[in-house]
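The values are calculated or read from the model by the stated rules, or taken from the named source; none is laboratory data. Please read all numbers here as calculations on a predicted model, not as lab measurements. Counting neighbours? That spans all protein chains shown, and the Cβs are built from the backbone with ideal geometry, glycine included. Keep in mind that these areas ignore ligands, DNA and RNA; they rest on the heavy atoms of the full protein, side chains included. Shrake-Rupley method; radii C 1.70, N 1.55, O 1.52, S 1.80 Å.
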Amino acid sequence: MPVRATGALITLSVATFCYVTTELLPVGLLTLIAADLGLSHSRVGLLVTAYAGVVVLASIPLTRLTQRVPRRWLLAVTLGLFSGATLVSALASDFSQLLAGRLLAGLTQALFWSVVTPAATSLFPPLVRGRVIARMAIGTSLAPVLGVPAATWLGQQAGWRAPFVVMAVAGLAAGAAVLALMPTIRPSQAATALGSAPDMGRFVNLTLVVILGVTGFFTAYTYITPFLLDVGGFPEAALSVLLLVAGAAGLCGTLFVGTVLDRYPRGTLLVPLGLISLWLAGLYLSGPAKAASVGLLVLLCFTFSALPPAFASRTLQVAPGSTDLASAATGSAFNAGIAAGSSLGGLLVAGPGPRGVALAGALLVAAALAVMLAESRMASRAGADAA
């Protein structure tokens, strides 16, 4: 890979790390923020919910508005605005100011995630696009394993504002590196401007798969802590270790999928969906067995980590028009799945109990697999022979 392009790819991976870490900061800093600003825990939790909601609603409109802006400048300015918004959060004196900073940061993330994958893959030959996507996703995978725990520790030592300041500085540095390393190319001139095998039917199929699959996974994973405590019988002291191991497994899965994504673009969707459904069903059936629960949790996180790069890669293939707009649509579908899954899981935990989230998740992911298997039937006539 060219040195400058590789440097740009590393920079974009760092930027994804900054975005995911910042999105999840209120999770690790919840009690500190609540105590300092005199807020309830549920109100601080709204900072995550509102952030995700902005990403869902703003991705497509913002991408449409900026379709003609060279991605070098768009990504650099977006990261600069992200830094400013995150600094607003760091300096907030009340909930409304903190929420305003979060909403502004969410707006920049909505645009960033819509254009970053086409922009990154346009720097490299088509034969290695899957590997490029997976390498960029390393930053995403490291955020919950390294970023959030480190930010939580820093918040405990120096106050909850300190991690926001660090993320603001890191985002600004990433924006400067983007300006230095990325070429100035209009989106329409990039090799990834349009799908390699455009097909509206297959794209609709992919969007449905994203919604169902992500909803299923997050129905269970959002409430994996009460599942491990109440069903698995683990002590609270074991949770941090279990989640760290699960996060490390996710990072390994991201590294692995990069080695096979270019050769098996469809298989890297079908196989993970089938296995995730199997692992979730296994958790439901063997939840009280500690050894089985740990093994299945590791397998679950390893396998799910293959899906985001696979979704992104497939989007670049079947996008019926602009890949930026297609990425915005699948990104919105992904975040909608997160919101739907967490909501459904909450209802199940409050009703039948946490064990039911694994079964519901398994059924939803199995439905996603069924939809994916029907892809050829949904293919547009003109693209019926597309890969």
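Below is a table of values for the structure above.
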{"quantity": "Accessible carbon and sulfur surface of the chain relative to its total accessible area, %, 1.4 Å", "calculated": "71 percent"}
{"quantity": "For the stretch 3-40 and the stretch 316-331, distance of Cα centres in Å", "calculated": "25 Å"}
{"quantity": "Mean Cα-pair separation over length for the chain, i.e. relative contact order, pairs under 8 Å, 6 or more apart, %", "calculated": "26 percent"}
{"quantity": "Cα→Cβ-extended label distance, 7 Å offset, between residue 370 and residue 49, nm", "calculated": "3.1 nm"}
{"quantity": "Options (1) 30, 28, 18; (2) 91, 20, 17; (3) 71, 26, 18 - which one matches semi-axes √(5λ) of the Cα gyration tensor in Å as calculated here", "calculated": "(1)"}
{"quantity": "Accessible area expressed per residue, the chain, with surrounding protein chains retained (probe 1.4 Å, Å²)", "calculated": "41 Å²"}
{"quantity": "Value at 222 nm in deg cm²/dmol, rounded to 500, when DSSP H runs of n ≥ 4 in the chain each add -39,500 (n - 2.57)", "calculated": "-26500 deg cm²/dmol"}
{"quantity": "Shape category assigned to the stretch 10-98 from the gyration tensor of Cα positions, a/c cut at 1.5", "calculated": "prolate"}
{"quantity": "Full-extension gain in nm, residue 377 to residue 68, via 0.36 nm per residue minus C-alpha separation", "calculated": "107.8 nm"}
{"quantity": "Gyration tensor (alpha-carbon) shape descriptor, the stretch 281-349, a/c threshold 1.5", "calculated": "oblate"}
{"quantity": "Sites residue 31 and residue 179, calculated FRET efficiency, Cβ-Cβ separation with R0 41 Å, nearest 0.05", "calculated": "0.60"}
{"quantity": "Three-way shape label, the stretch 208-276, alpha-carbon gyration tensor, a/c 1.5", "calculated": "oblate"}
{"quantity": "Kyte-Doolittle at least -0.5, axis length at least 18 Å by Cα - qualifying DSSP helices, the chain", "calculated": "3-37, 41-65, 71-91, 95-121, 129-142, 161-181, 200-221, 239-260, 267-286, 290-304, 323-350, 355-373"}
